[in-house]
Amino acid sequence: MAETAPLSPDEVKAELARLTVLAGVELRPEVFDVLVELTRLDVVPTATAQVLKSLCVKSAMRASVGGGASGGASGGGR
């Protein structure tokens, strides 16, 4: 089996973006960048989930106050 060179950080980010599209997960670019950074920092999954929940709450608050639909994470259920 031939060895492959490790992916650069930008290549990893591109592959993760491709996987999210293939999985049907819709994320705003800002949220995706936060998730990539948390992963690079080796943050535990429960802390990452807390960050996502916080982003959702803030997004819902903004939407209810401003009436806009601009949110943090979009798509899927909770």
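Here are a few things to note about the model shown:
- Residue order, fewest to most surrounding Cβ atoms within 10 angstrom, among L7, L22, L16: L22, L7, L16
- Cα shape, region 28-67, gyration tensor, a/c 1.5 rule: oblate
- The HN-Hα couplings worked out from phi for region 18-30 by the Karplus form 6.51 cos²θ - 1.76 cosθ + 1.60 (θ = phi - 60°) are 5, 5, 5, 5, 4, 7, x, 8, 9, 10, 5, x, 5 Hz, whole numbers, x standing for Gly and Pro.
- J(HN,Hα) series, region 49-55, from Karplus relation 6.51 cos²θ - 1.76 cosθ + 1.60, nearest Hz, glycine and proline x: 4, 5, 4, 4, 4, 4, 4
Just so you know, all these numbers are worked out from the coordinates, no wet-lab data involved. In this text, all values refer to a predicted model and were calculated from it rather than measured experimentally. Don't worry about glycine lacking a Cβ; one is built from the backbone with ideal geometry, like all the others, and counts go over all protein chains shown.
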